[in-house]
Amino acid sequence: MTLTEEKLKKIETLEEATIRFAGDSGDGMQLTGGQFTNATAIVGNDLSTLPDFPAEIRAPAGSLAGVSGFQIHFSSKDIHTPGDALDVLVAMNPAALKANLRDLKPGGMLIVNTNAFTETNLKKAGYDKNPLDDGLNQKYQVFSIEISRLTQLALEEMKLPGKIVDRSKNLFALGLMYWLYTRPMEKTIEWLKKKFGDKPEILEANLKVLKAGYHFGETTESFISHYEIKQAKIIPGKYRNITGNEATVLGMLAASQLTGLTIFLGSYPITPASDILHELSKYKHFGIRTFQAEDEIAAVGAAIGASFAGGLGVTTTSGPGVCLKSEFINLAVKTELPLIICDIQRGGPSTGLPTKTEQGDLLQAMFGRNSESPIPIVAAATPGDCFDTMLEAVRLSVKYMTPVFFMSDGYLANGSEPWKIPQIYELPKIEVKFRTEKNGFYPYLRDEKTLARSWVKPGEAGLEHVISGLETEQNTGKISYDPTNHDAMIKIRAERIARIANDIPDIKPIFGEIKGDLLILGWGSTLGSIDAATEKLLEKGYKVTNAHLRHLNPFPKNLESFLKNFKKVLIPEVNLGQLRMLIRAKYLIDAQGLNIVGGQPLKVNAIIELAEKLLK
Amino acid sequence: MAITEQSKYTKADFESANDVRWCPGCGDYAILSAVQSVMPTLGIPKEKFVFVSGIGCSSRFPHYMNCYGFHTIHGRALTVATGVKSINPDLSVWVITGDGDGLSIGGNHFMHAIRRNQDMKILLFNNKIYGLTKGQYSPTSELGKKTKSTPFGSIDNPINPASIAIASGATFVARTVDKNVKHMMDILKRAAAHKGTAFIEIYQNCLVFNDDAFVDYTEKEIKDDHSIYLESGKPLVFGKTHDKAIKLNGFHPEIINLSNGNLKEALVHDEKTEDRALAYVLGQMGVENEGLPVVFGVLRDIAQPTYQERLLEQEKEAKEKKPKANLEQVLNAGDTWVVS
């Protein structure tokens, strides 16, 4: 296609857009969204994505349970979230329309594949009559397009089986959206060539359909203009698009390189953490050892064994897996061994909403074990932040000889953002010491400053010792049931973790001043929504500030004085107020909560609304 | 594994300074002593031994050994041992477990460690009772067994450790008994020499909660009529005067009298046979089918790559394929773009 052809229609410049592809889980919506994301990244927009797919692998075609969606928010400005409401909804069938229409802005563009609006499909989606004939166009700009038929027409000459033809209709939608938002198709063409290099017929069909969608936008009379979104002002550097799970894996890989430790990942498949196991397993050539265990318990047990042997044990899971692992995690607490527990939180309780997000496990990480068993907790705030947070988890774990909880969630795990690739020299130094000195050795002798015991590799002559889940005598590590000793050990374990507060950065405002009327405090994946809300509130002239906790246990040393500089504190969370409970208990501050637990990230507007109410 | 002079150590080198807290007369003492006696003969540096245990009377074992040890949680020793051995395959890893720890709460791990042929020794002390929790029935307790938790007798069918091990594909399976220390030491040495999972079931008397559970195999007057000590390549002959043997009738072992010179009918043991059927028949004798003697010795000892050998092999291949891989390259992989 030539440049002149492209310019036939008017191009309007927008600041930002939020679009969602929705269809059957077999319609390739995740793939379509992923391709659109790559093309958008290349254009230089800031972006944030939210894949939303069903727990069922292939729910019956056309059913509401089988609707899969992919949302992307892209902008010429710095953005923080995948967007509250949609400018464009692409609905490939009635079920996709029904499940997603409520998120489309009034006046937004609704692009539907009318061929899929058959009587059967309408019935499956629970429509009594065709919603397209039911006044939808009074509220939205409806574009009824025969996507299936146009795809067939594009491929008519190729005489391909109907199934293959039908499967490529998502590329028609993708091509059309490329035209609508003037994205380059080259990356997708390259990708298709790579993917179907050995199936020339399918490659040709896919390219034809993709281009057909693009040309359709250009030639049809329905679209009067199309849009462009200029490059965002982003910090200079080299970027790639990254999901939270990918960044978590790269964090582990970097930690292994920085520490010189062999990473041993013990894991058991569980949504939404499994991708970490899949991805990390590819790095055998880096000496990474991964183990798909027989269950969650064996996974963490093997990781603890690895740490005892001088490797770095890591286990990845979600809330239900943490339940199973908790006895073992406490063994690592008692034996004071490094261990990284990655909890990629999902909707609960019980099996809950496996593919949806939640922040419901904070108190589980904090308290979900018998007795006094403190564990440092760090939480990632964005997909890319999973990388830095993982490095921090490893640093604390090996320095303080303790298990550490690394918290992520379904939204971060699968969501993506442009990530500025760090230079190797920018990465933190993580020092690891193994004791080899025999003189005066006891397993529970402690470093004066950190209170950490020394790490010894079995195989080191003269340092043979036994560690145990039984209570042990201070210093010597012998089994001890002495009451004074137990009281002392309980307090030493608590003190060791509390001292980490001296070794982590102070909390600081992100937007706003260090004093004010309202502080919006968050942790984990709510950062984007809170940032966006705070920016808007500041624009409106409120004295509002937001801050975000990476360290949930222990808290930064200055947190109490920081909180007390604000008249009110609001803590938005995708749970019923777990951080709020900790803050209230610890600092006796009457923090308010915004708690919507819908399996989705918090909406910016919900935060703004409550904040304005509190500010009145 | 580095081999040092065999004479370097004595039994005392493997004895820890900790007081042994088992009940006086417990079968565990004999096992501890046998293990401590065998260690110096193996030619392995002391610091390379790691003893891993779960929870139960037997699991106190690592505290009494003067080498690296990890006393973990109930039923899970095999998982910890898997991690230890996978990080440092150079270590000699010994797992100490019991019938409750290994087969009840830890039953899942038992099966999976064995099927993977994890390169470690598993010493299962079978006393057919829960000792540390003071006398409940265990998964190996016999049907009808009256215990604190089964005052009317157990209604659970027991399981046979050897059968599970063989069904899981164990490459080494042996059985011995606490009172026969010499035999136990021989079996420990055989297990030490095996590459892959070496499973030993040790009949161990709990004189407080289940005394005389194995009296048939330990009491001088009767033991020879109830036990067969296996030797590969030799017929299964037993009895005080070596007057009886086992013959196979189809799949069923039966006792024959040797007085009429029919020794050639007797079943001949072959521990190296790949097929699991023979070991399975042997392991069941006297345990799952009554009226037959129980076999002691090595039921099965076959060669198969270990989990750790496969792990290292795969890692080596991966490194050879991508010798120049580095972190920077991985961080910069995929579609990237530069913002200036």
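Loop-located trypsin sites (Lys or Arg not before Pro) across the range A:109-142 with a Cβ neighbour count of 16 or fewer within 10 Å are A:K129, with loop assigned by DSSP. The distance linking the range B:217-243 with the range A:506-526 is 79 Å (Cα centroid to Cα centroid, whole angstrom). Loop-located GluC sites (Glu not before Pro) in the range A:498-555 (DSSP state not H, G, I, E or B) with no more than 14 neighbouring Cβ atoms inside 10 Å: A:E513. If you take all other residues with their beta carbon under 13 Å from the beta carbon of B:I105, and give Lys and Arg +1 and Asp and Glu -1, the sum is -3.
Candidates B:T336, A:P269, A:P601 compared by Cα position along the dipole of the protein assembly as shown: farthest toward the positive end lies B:T336, with charges placed on Cβ. Residues within the reach of a label modelled at B:T41 (point 7 angstrom out along Cα to beta-carbon, backbone nitrogen below 16 Å), restricted to the range B:47-86: there are none. Annotation for A:K233 and B:A167: the two label points, set 7 Å from Cα along the Cα-Cβ direction, are 7.1 nm apart. Per residue of A:240-250, other chain Cβ atoms within 10 Å of the residue Cβ number 2 on average. Building the convex hull from the alpha-carbon atoms of the range A:3-229 and averaging its projection over directions returns 12.3 nm².
How would the range A:433-503 be classified by its alpha-carbon gyration tensor: rounded, prolate or oblate, with rounded meaning a/c under 1.5 and the a/b versus b/c comparison settling the rest? In terms of gyration-tensor shape, oblate. When the protein assembly as shown is described by a simple charge dipole with +1 on each Lys and Arg Cβ and -1 on each Asp and Glu Cβ, the residue from A:H285, B:M184, B:F152 located farthest towards its positive end is A:H285. Computing FRET efficiency as 1/(1 + (r/R0)^6) for A:K491 and A:F441, where r is the C-beta to C-beta distance and R0 is 22 Å, gives about 0.40.
Taking the Cα centre of the range B:1-139 as reference, the dipole from Cβ charges on Lys and Arg (+1) and Asp and Glu (-1) amounts to some 280 debye.
Pop the C-beta distance of A:N475 and A:T118 into the FRET formula with R0 = 56 Å and round what comes out to the nearest 0.05. After rounding, the FRET efficiency stands at 0.15. Between helix B:77-87 and chain B there is an angle of about 40 degrees, using the helix long axis and the longest principal axis of the Cα atoms.
The stretch between A:F196 and A:A606, if pulled fully straight at 0.36 nm per residue, gains 143.1 nm over its current Cα-Cα span.
Cross-link reach is defined here as a Cα-Cα straight distance under 21 Å, omitting same-chain residues fewer than 8 places apart; for B:K145 the lysines meeting it are B:K128, B:K134.
Starting from the range A:357-460, pick out the trypsin sites (Lys or Arg not before Pro) whose DSSP state is loop and whose Cβ has at most 12 other Cβ atoms within 10 Å.
Here the sparse-neighbourhood loop sites are A:K429, A:K433, A:K438, A:K449.
If you take the alpha carbon atoms of chain A and fit the smallest convex hull around them, that volume is 170 Å³ per residue. From the cross-link list A:K98/A:K603; A:K194/A:K282; A:K457/B:K85; A:K284/A:K325, which pairs have alpha carbons spaced over 22 Å apart? In this structure, A:K284/A:K325 exceed 22 Å between Cα atoms.
Quick note: the coordinates plus some simple rules give every number you see, no bench work behind them. This one's a predicted model, so the numbers in the text were calculated from it and none came from an experiment. For neighbour counting, all protein chains shown are included, and Cβ atoms are generated from backbone atoms with ideal geometry for every residue, glycine included.
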